[in-house]
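The values are calculated or read from the model by the stated rules, or taken from the named source; none is laboratory data. Model, not experiment: these values are computed from the prediction. Cβ placement follows ideal geometry from the backbone for every residue including glycine, while neighbour counts extend to all protein chains displayed. The area values use the complete protein model at the heavy-atom level, side chains included, leaving out ligands, DNA and RNA. Shrake-Rupley method; radii C 1.70, N 1.55, O 1.52, S 1.80 Å.
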Amino acid sequence: MSIAVVEKSFSVLEVLARQGRALTLAELAGECRLPKPTAFRVLKCLRDLGYVDQAGRGGAYELSARLASLREYGRDEAVRQKVLPLMERLHAMFNETVNLGFLENIYVRYGHVIETTQALRWIVRPGARDLFHTTALGRAIVAHMPAEQQARLVGKACSTEPARRRKALRARLVGELAATRTRGYAFEQEETAVGVACVAVPLTNLGEPLAAVSVSVPIHRFPVLQRTALIAAMLQNRPLAAESA
């Protein structure tokens, strides 16, 4: 990325911050003194990265919650402090690995992990990344995004696969995201790691729409009764905004 593109991107962000309200493409182009096509490309990039939100197709643009969390001593640490009570409760209840993940473009990055003390475990290090559509974390986040933003990410994710597989992947992913949104949690089994299943819930109620928490369990320790108990605990114990106050 050239310095000029970075400068234009920050110019757009600064105008949105200074105005303190949603602005149309024409307003932003005028304020930033950019041609409308250039302003549109910059906004599309910022929107895909999660730093700008848009109210529907052709709607006005505004800063996202992701930027707000960046102001709080670093995004990872701010979110970690909000969600740590939930992660610790789940770890104490089930003694399985609990993960905090962040959506970054079409990837989920692991920001914090509390590992199980049991001998057989799935080890993931903070900073590792997986494609969002293969993870419960990613699906939990993307399922609750606005339809247009969700469709863009699905399209990008499908483009990483061979052409012959894209149509089937899109149909399966769209269906899984709809089911995830309806039931309130995401589930995947042996898609990220062989022998491991994960359940995840989004952190939208904490004002963190690009983050989620998951519990990873070896499938031999995950019979139906254990799975039902874990899902119930995650839905009942999701952190409330008041906990972060």
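Annotations for the structure displayed:
- Members of segment 82-123 found to be among the aromatic types (Phe, Trp, Tyr) and either open to solvent by 50 Å² or more (accessible area, probe 1.4 Å) or closer than 23 Å to Asn205 by Cβ (or both), listed by number: Phe94, Phe102, Tyr107, Tyr110
- The set of residues in segment 25-40 that are modelled with pLDDT of 90 or more and either under 26 Å from the mean Cα position of the chain (by Cα) or acidic (Asp, Glu) (or both) comprises Leu25, Glu27, Ala39, Phe40.
- Number of residues in segment 126-140 that are among the aliphatic types (A, V, I, L, M) and within 12 Å of Asn105 (Cβ to Cβ): the value is 1.
- Scanning segment 177-214 for residues that are in contact with a strand residue (DSSP E or B) (Cβ under 8 Å, 6 or more places away or on another chain), surrounded by fewer than 18 Cβ atoms within 10 Å (Cβ to Cβ) and of a type in the set (Asp, Glu) yields one hit, Glu190.
- Leu131 fulfils the conditions (1) surrounded by 18 or more Cβ atoms within 10 Å (Cβ to Cβ); (2) in contact with a Phe, Trp or Tyr (Cβ under 7 Å, 6 or more places away or on another chain) except for a single criterion, (1).
- Residues in segment 41-68 that are open to solvent by 20 Å² or more (accessible area, probe 1.4 Å), hydrophobic (A, V, I, L, M, F, W, C) and at pLDDT 85 or above: 3 in all.
- Total residues in segment 166-191, condition more than 19 Å from Glu148 (Cα to Cα) and under 16 Å from the mean Cα position of the chain (by Cα): 5
- Residues (in contact with a helix residue (DSSP H, G or I) (Cβ under 7 Å, 6 or more places away or on another chain) and either in contact (Cβ under 8 Å) with a residue 60 or more places away in the chain or surrounded by fewer than 16 Cβ atoms within 10 Å (Cβ to Cβ) (or both)) located in segment 160-176: Glu161, Arg166, Val174
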